Amino acid sequence: MNSMRHILGIFACFQLIYSHSQIVTIGEIEKTAILESHNTERRALNILDLKWSDQLSKLSQQWALKLAKEDRDIYHSHDDQFGENISYFFSIPDKYGIEYGVQLWNEEKKFYTYGKKNKLSEVGHYTQVIWSTTTEVGCGCARGKSGAYFFVCKYNPSGNYIGVNPY
């Protein structure tokens, strides 16, 4: 499956280059991989799996496209209705597809200690991934002219409440 995702990822990159389109399509294979990247972390903590939301995916795609068109920096959408994680990267390692964005957030786990005061700037993406009351996720991705991928996921309900443990 990893080689198939890699081939599809390469195809998506060529499609972007030749069509001048900035949207990176997230199909069923990518959805499954994105959910698995989230849910593997959640299962390790006995937290229920997230389900995919097409509504959240559409909102995420819109924000990813806006960031890609600006092609400068990442910043949050200020949509307080949903939680939001954003990744920004220039290449995807061979063993991943577009879910590489989630892997970057999961790497924050090494800085997280349950029950301690953690710096949200160091662990906030990871804690949103594992936030126990979050039930849905939807993601979108776009690529800027610089070649940077802007990967966005929105979460419902949101997490990362100050003073509240994620699970």
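Let's see how each residue does on (1) closer than 25 Å to residue 148 by Cβ; (2) in contact (Cβ under 8 Å) with a residue 60 or more places away in the chain:
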residue: 49; (1), (2): no, no
residue: 56; (1), (2): yes, yes
residue: 62; (1), (2): yes, yes
residue: 72; (1), (2): yes, no
residue: 91; (1), (2): yes, no
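Just give me the residues in the stretch 26-44 being under 20 Å from residue 125 (Cβ atoms), open to solvent by less than 50 Å² (accessible area, probe 1.4 Å) and in a loop (DSSP other than H, G, I, E, B), in sequence order. Quick ask: steps written out before the conclusion?
Let us first name the residues in the stretch 26-44 that are under 20 Å from residue 125 (Cβ atoms), namely 26, 30-31, 33-44.
Then keep just the ones that are open to solvent by less than 50 Å² (accessible area, probe 1.4 Å); that gives 26, 30-31, 33-35, 37-39, 41-42.
The one that is under 20 Å from residue 125 (Cβ atoms), open to solvent by less than 50 Å² (accessible area, probe 1.4 Å) and in a loop (DSSP other than H, G, I, E, B): 26.
Considering only residues of the stretch 143-166 that are aliphatic (A, V, I, L, M) and more than 12 Å from residue 58 (Cα to Cα), which is most open to solvent (accessible area, probe 1.4 Å)?
Once the filter is applied, the top-ranked residue is 162.
Being in a loop (DSSP other than H, G, I, E, B) and of a type outside the set (D, E, K, R), is that true of even one residue in the stretch 58-72? If you could, list the steps in order and put the result at the bottom.
Going through the stretch 58-72, the residues in a loop (DSSP other than H, G, I, E, B) turn out to be 71-72.
Pick out the ones that are also of a type outside the set (D, E, K, R) and you get none.
No - not one qualifying residue is present in the stretch 58-72.
Would it be correct to say that residue 65 is closer than 27 Å to residue 114 by Cα and either in contact with a Ser or Thr (Cβ under 6 Å, 6 or more places away or on another chain) or buried (at least 16 other Cβ atoms within 10 Å of the Cβ) (or both)? Quick ask: steps written out before the conclusion?
Values: closer than 27 Å to residue 114 by Cα: no; either in contact with a Ser or Thr (Cβ under 6 Å, 6 or more places away or on another chain) or buried (at least 16 other Cβ atoms within 10 Å of the Cβ) (or both): yes.
Against the criterion (closer than 27 Å to residue 114 by Cα and either in contact with a Ser or Thr (Cβ under 6 Å, 6 or more places away or on another chain) or buried (at least 16 other Cβ atoms within 10 Å of the Cβ) (or both)), residue 65 does not qualify.
Looking only at the stretch 97-128, count every residue that is open to solvent by 50 Å² or more (accessible area, probe 1.4 Å), touching a helix residue (DSSP H, G or I) at 6+ places or on another chain (Cβ under 7 Å) and touching a residue at least 40 places away in the same chain (Cβ under 8 Å) and tell me the total.
2
The values are calculated or read from the model by the stated rules, or taken from the named source; none is laboratory data. Because the structure is a prediction, the values reported are computed rather than measured. FYI the Cβ positions are ideal-geometry reconstructions off the backbone, even for glycines, and counts take in every protein chain you see. For the accessible areas, the whole protein counts, side chains as well, though only heavy atoms, and no ligand, DNA or RNA atoms are used. Shrake-Rupley method; radii C 1.70, N 1.55, O 1.52, S 1.80 Å.
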